[in-house]
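The values are calculated or read from the model by the stated rules, or taken from the named source; none is laboratory data. Bear in mind the structure is a predicted one, so any value in this text is a computation, not a measurement. Note that we place each Cβ from the backbone using ideal geometry, even for glycine, and neighbour counts take in every protein chain shown. Note: areas computed on protein heavy atoms with side chains; ligands, DNA, RNA excluded. Shrake-Rupley method; radii C 1.70, N 1.55, O 1.52, S 1.80 Å.
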Amino acid sequence: MISAERIPNNVNLSGNKRLQRALEHWQPKYLQWWRDMGPQGFQDYHQVYVRTAVSVDPKGWAHFEYVKLPEYRWGIFLAEPTPDRRIGFGDFYGKEVWQDVPGEFRNQLRRLIVTQGDTEPASVEQQRWLGQRCPSLYDLRNLFQVNVEEGRHLWAMVFLLHSHFGRDGRDEAEELLERQSGNRDKPRILEAFNEPIENWLDFFMFTMFTDRDGKSQLMSLSESSFDPLSRTTRFMLTEEAHHMFVGETGIARILERTSELLKESGYSEDVRKLGGIDLPTIQKHVNLWVSLSLDLHGGEVSSNAASYFANGLKGRAQEARYEDHFVKETSYTLQAVEDGKVVTRDVLMRHAMNEVLRDWYVGDCLGGITRWNRILEGHGLSDRLYLPDRKFNRHIGQFRGLHFDPWGQAVSAEEWARRRYEWLPSPADKAYLLSIQNEPIYEPGKFANYIAPPRKGINNQPINFEYVRTEM
Ligand SMILES: [Fe+2]
Ligand SMILES: [Fe+2]
């Protein structure tokens, strides 16, 4: 029996019998999925110090306590409604927002919600073995925090499907639990969510760059004329911020440690000999996860994106900052491929909406790279990390099938084959990373040799707090 109290919510769940019944039907399948595909080895005998969303109050939405993971209270929250909210872009600009799905946009909206929803359980699946290799209890707890919140984001999308899309919505909600990351027959919808996340460098890069794609998508969906989608995604963004914090500070702490090791060795030694992660390996992982996440923004020129914008379903990040919300005649200059050559071309702005969002994303990533480089600078190192060019290693859009180096210079297929492991993680790099992450660290306050401790603990707890407790 599902009770409104068990599921923290602000959608009047107890007053909506139909929705309650639909969720009652879905919840046991969700829990089974969580046990099978969620954190492996941490379901039954561990208590994790996690935060749970219990309201949408900006000051007090998170409640911290020890929880057994399958008993986490996955809730349903919509951000407070904006009074008299109007459509902010596209052909219906200025009209009242919709509380129900308009029939003519039903398929498009469902597709947007399902695509977003599919990424949430996918990332939990990708990360399910990482607990066995964690660099500390602090990091283990952060991993699980991210995991339970991705689970909650799935709930958020399933709530929309159940409450606004009838039978189709219920079917889609089931399928969200049936597709599996990396599964050959039933893969997840988007490619970056089928890539394995085997080690903690991948995990931190994923939360830095792929969760940041989540941020761009959620920002553009939070502009949607379909108000329940806007309000749901707005609240998801508050949780997403922590996921990116985990990624950014995770890499920052690795850079910190790598710099220390370099200093200790008089800058002469290969840091791998000291058990650290060398900067070229870190750069290769930046290149990999940035390029995968650039793909997630879709093709450069897209009639789907144009139609989502025209219909008011998906806007630009921070739409209010723009002056023109129709952008009917405006054009956008982008790099395109003609006869195998890169040229610049003008296209209608509406058709370039994926590229516009990608611009926003690249800018946001650049901020992170700059902050990381300050750490290297502070340690007196001359090496710097950089963002790869957006043409590098692309599998979606017009650059797919062509080869570019990380600075955007075209290279031949032979050169690509010869040099790709200068730019992307090689099997040897992966083997090395696994070798230093072989032994998990479960002792409070202790950290793996390749990563520095954080500046402070979670929720004002000390760094040596027992963030994950084992029950005997
Ligand atoms: Fe998410
Ligand atoms: Fe996330």
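If you wrap the stretch 71-145 in the convex hull of its Cα atoms and look at it from every side, the mean projected area works out to 8.2 nm². The equivalent ellipsoid of the chain has semi-axes of 35, 31, 19 Å, largest first, where each one is the square root of 5 times an eigenvalue of the Cα gyration tensor.
So which of Lys95/Lys328; Lys59/Lys456; Lys68/Lys446; Lys29/Lys186; Lys215/Lys314; Lys263/Lys284 end up more than 25 Å apart by C-alpha?
Values: Lys95/Lys328 17 Å; Lys59/Lys456 20 Å; Lys68/Lys446 23 Å; Lys29/Lys186 17 Å; Lys215/Lys314 13 Å; Lys263/Lys284 22 Å.
From the list (Lys95/Lys328; Lys59/Lys456; Lys68/Lys446; Lys29/Lys186; Lys215/Lys314; Lys263/Lys284), the Cα-Cα distance tops 25 Å for no pair.
Rounded to the nearest 20 debye, the dipole magnitude of the chain is 460 debye, with +1 charges on Lys and Arg beta carbons, -1 on Asp and Glu beta carbons, and the Cα centre as origin. Which residues make up the longest stretch of the chain that has no GluC sites (Glu not before Pro) in a DSSP loop with at most 14 other Cβ atoms within 10 Å? That would be 6-268. Taking a ≥ b ≥ c as the square roots of the eigenvalues of the Cα gyration tensor of the stretch 342-472, is the shape rounded (a/c under 1.5), prolate (a/b larger than b/c) or oblate? It comes out prolate by the Cα gyration axes. Working note: Karplus 6.51/-1.76/1.60 with θ = phi - 60° gives the stretch 266-271 the couplings x, 6, 9, 8, 6, 4 Hz, where Gly and Pro are set to x. The stretch 191-286 gives an Rg/Rh value of 1.16, both radii derived from C-alpha positions and Rh following Kirkwood.
The smallest convex shape that holds all Cα atoms of the stretch 21-87, its convex hull, gives 136 Å³ per residue.
In order along the stretch 253-259, the phi-based Karplus estimate (6.51 cos²θ - 1.76 cosθ + 1.60, θ = phi - 60°) of 3J(HN,Hα) comes to 6, 5, 4, 4, 5, 4, 4 Hz; Gly and Pro are listed as x.
Counting Lys +1, Arg +1, Asp -1, Glu -1, what net charge surrounds Ser293 among other residues with beta carbon under 13 Å of its beta carbon?
Numbers: positive: Arg212, Lys215, Arg358, Arg390, Arg394; negative: Glu191, Glu195, Asp202, Asp211, Asp213, Asp295, Asp364.
Local charge sum for Ser293: -2.
Which whole-number percent of Cα pairs in the stretch 310-388 have a distance greater than 16 Å? Value for the stretch 310-388 (Cα pairs over 16 Å): 65 percent. Computed over the chain, relative contact order equals 19 percent, with contacts defined as Cα pairs under 8 Å that lie 6+ residues apart.
For a quick check of your reading of the filter: which trypsin sites (Lys or Arg not before Pro) in the stretch 293-363 sit in a DSSP loop and have no more than 14 other Cβ atoms within 10 Å?
Working: sites: Lys314, Arg316, Arg321, Lys328, Lys341, Arg345, Arg350, Arg358; in loops: Lys314, Arg316, Lys328.
Passing both the DSSP loop test and the Cβ count: Lys328.
Relative contact order, whole percent, for the stretch 350-472 stands at 10, derived from Cα pairs under 8 Å and 6 or more residues apart.
The residues of the stretch 219-317 present an accessible area of 26 Å² per residue when probed at 1.4 Å with all protein chains retained. Remark: the stretch 185-196, residue by residue, has Karplus-estimated 3J(HN,Hα) of 8, 10, x, 5, 5, 9, 4, 4, 8, 10, 6, x Hz, where x stands for each Gly or Pro and the curve is 6.51 cos²θ - 1.76 cosθ + 1.60 at θ = phi - 60°.
In this simple spin-label approximation, Asn449 and Glu422 carry label points 7 Å from Cα along the Cα→Cβ vector, and these lie 3.0 nm apart.
Once you sort the root eigenvalues of the Cα gyration tensor of the stretch 228-327 as a ≥ b ≥ c, which label holds: rounded (a/c under 1.5), prolate (a/b larger than b/c) or oblate (the other case)? Provide the component values of the computation, followed by the final result.
On the way: a/c = 3.76, a/b = 2.49, b/c = 1.51.
Taking the square roots of the gyration eigenvalues as a ≥ b ≥ c, the stretch 228-327 is prolate.
For the stretch 108-201, the alpha carbon positions stretch 44, 27, 17 Å along the principal axes, listed from largest to smallest. Subtracting the Cα-Cα distance from 0.36 nm times the residue separation, let me have the gained length for Asp270 to Lys95 in nm, one decimal. Roughly 56.8 nm would be gained on extension. Given a 1.4 angstrom probe, I'd like the percentage of the accessible area of the stretch 430-472 that is carbon and sulfur, rounded to a whole number. C and S atoms contribute 48 percent here.
With the cut-off at 1.5 for a/c, could you classify the stretch 1-124 from its C-alpha gyration tensor as rounded, prolate or oblate? It would help to have the intermediate numbers written out before the result.
Working: a/c = 2.00, a/b = 1.68, b/c = 1.19.
Here the stretch 1-124 falls in the prolate category.
Near Val67, the amide H atoms lying under 5 Å from its own belong to Val48, Tyr49, Val50; only residues 5 or more places off or on other chains count, and H is placed 1.01 Å from N.
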